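Read the structure below first, then the notes.
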Amino acid sequence: MTIQLTVLATGGTIAGIAGSAIGHDYRAGEIGIEDYLEQVGGLGLEAELSGRQIANIDSADMGPGVWNALHPAIMEALADPACNGVIVTHGTDTLEETAFLLDLTLPATKPVVVVGAMRPADAVGYDGLRNFANAVRVASNPDAAGRGTLVVMGDRMFAARDVRKVRTRGAEAFRGFPRESIGLVTPSSLEWFGAPWQRGDGARFAWCDDLPEVAILYVHAALEADMLGRLIGPQTRGVVVAGVGEGNMPEPVRQALAALSTRGIAVVRASRTEEGLVDREPEDEANGFVAARALNPQKARILLQLLLASGESDPAALQRAFDGR
Ligand code: ASP
């Protein structure tokens with residue numbers, strides 16, 4: 001049986017062009033999906049690919065405008081009995097946010113793989129072809145279903161919940177936390193580090209095309225509480241604190257956030273450090289705060305948006321959701 005995969009393109013460096021094999025500057029999101037599929041057609045991949053251009057942007061501009069087109073396109077592909085899996089091509093800068101949003105809002109029925117590249121298509125050492133060939137290998141593998149949305153970068157597979165971009169340059173720019181990666185892949189081989197954990201599960205959240213406003217407050221030495229007043233508008237429903245260390249903040253900022261929490265604005269403590277858990281502290285109860293656990297601030301923001309959109313705002317219930325899978 002021929003494996004049939006749907007490729008949904010959104011742009012990024014994987015579709016970028018520099019105009020020089022050794023130049024530094026390039027434009028993300030230049031190659032269209034038809035041209036891209038023609039290019040990968042020469043690789044001898046063991047799957048039939050059909051493509052659709054959802055957007056062609058630098059992923060710094062990623063947001064609801066594209067997500068609201070991408071999500072229904074994936075749902076349509078998943079519902080098609082002829083489609084075995086979906087590949088989303090994406091810029092690496094915000095790839096982790098899109099992947100996590102999809103992870104939380106898609107059923108775990110067929111493989112959904114998000115892939116990018118760190119070097120533009122005409123650069124020496126373009127990583128996009130290998131990453132794409134690896135993504136095809138993963139999306140063709142029936143055991144990829146039931147693991148949520150997957151991210152393929154380099155020769156590693158990551159769960160969307162764990163993956164994060166940790167370097168600005170170089171092909172090894174992604175890492176996972178707390179699971180470093182969940183398997184190894186090459187264009188011709190694949191090895192999982194464990195069994196699927198979500199097989200047959202429905203989507204955890206309904207799709208929301210109007211996500212509530214949640215701000216991220218970046219904590220630094222000498223941060224003053226009045227910054228919050230400039231950050232938060234009348235529509236803001238939540239704040240994720242990118243705190244120092246284990247989600248810590250200056251005392252006046254804590255007081256200002258605790259006051260916001262009593263006004264019904266959700267406050268989640270995450271960390272600005274690259275890795276590590278932010279666990280619940282005894283004072284969180286009195287402050288009305290929620291601990292982000294292993295999620296970094298940008299992913300904590302996505303989860304909080306979906307929780308608020310689903311009508312959840314009680315800190316204890318929010319904490320249970322952050323404690324869950
Ligand atoms: N700025 C690019 C993007 O995120 C970077 C990349 O794709 O590697 O679209």
Quiz item: Around Val112, which amide H atoms from residues at least 5 apart in sequence, or from another chain, sit under 5 Å from its own amide H, with H modelled in the peptide plane?
Solution: Val86, Leu150
Quiz item: What's the extension gain from Glu191 to Glu46 if we count 0.36 nm per residue and subtract their Cα-Cα distance?
Solution: 50.4 nm
Practice problem: Grab the beta carbon distance between Ala259 and Leu184, set R0 = 51 Å, and tell me the FRET efficiency rounded to 0.05. | Solution: 0.55
Quiz item: Antiparallel as a % of all DSSP beta bridges within the stretch 1-124, to the nearest 5?
Solution: 5
Exercise. Mind pulling the angle between the C-alpha long axis of helix 95-105 and the longest principal axis of the chain? Nearest 10 degrees, somewhere in 0 to 90.
Key: 80
Exercise. Please determine, in degrees from 0 to 90 and to the nearest 10, the orientation of helix 251-262 with respect to the longest principal axis defined by the Cα atoms of the chain, where the helix direction is its Cα long axis.
Key: 80
Exercise. Extending each Cα 7 Å along its Cβ direction at Ile17 and Ala222, get the distance between those two points in nm, one decimal.
Key: 4.6
Quiz item: Looking at the square roots a ≥ b ≥ c of the eigenvalues of the Cα gyration tensor of the stretch 115-178, which shape do they give, rounded for a/c under 1.5, prolate if a/b is larger than b/c, or oblate?
Solution: oblate
Self-check item: Around Trp192: net Lys/Arg minus Asp/Glu count, Cβ-Cβ under 10 Å
Solution: -1
Quiz item: Using a Gaussian network model of the chain with C-alpha springs under 10 Å, which one of Ala47, Ala300, Ala55 is most mobile by mean-square fluctuation?
Solution: Ala47
Quiz item: Between Arg199 and Gln39, what FRET efficiency follows from the Cβ-Cβ distance if R0 is 45 Å, with the result rounded to 0.05?
Solution: 0.85
Quiz item: With the chain treated as a Gaussian network of Cα nodes joined by springs under 10 Å, which of Gln198, Gln255, Gln235 yields the largest mean-square fluctuation?
Solution: Gln235
Quiz item: What is the helix-to-structure angle for 64-79, meaning the angle in degrees between its Cα long axis and the longest Cα principal axis of the chain, kept from 0 to 90 and rounded to the nearest 10?
Solution: 50
Quiz prompt | Hydrodynamic radius of the chain per Kirkwood, over alpha carbon pairs, in Å | solution = 20.3
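Here, each number is a calculation from the coordinates, and none is a lab measurement. Quick caveat, the model's predicted, so the values are computed rather than measured. Backbone-built Cβ (ideal geometry, glycine too); neighbour counts: all protein chains shown.
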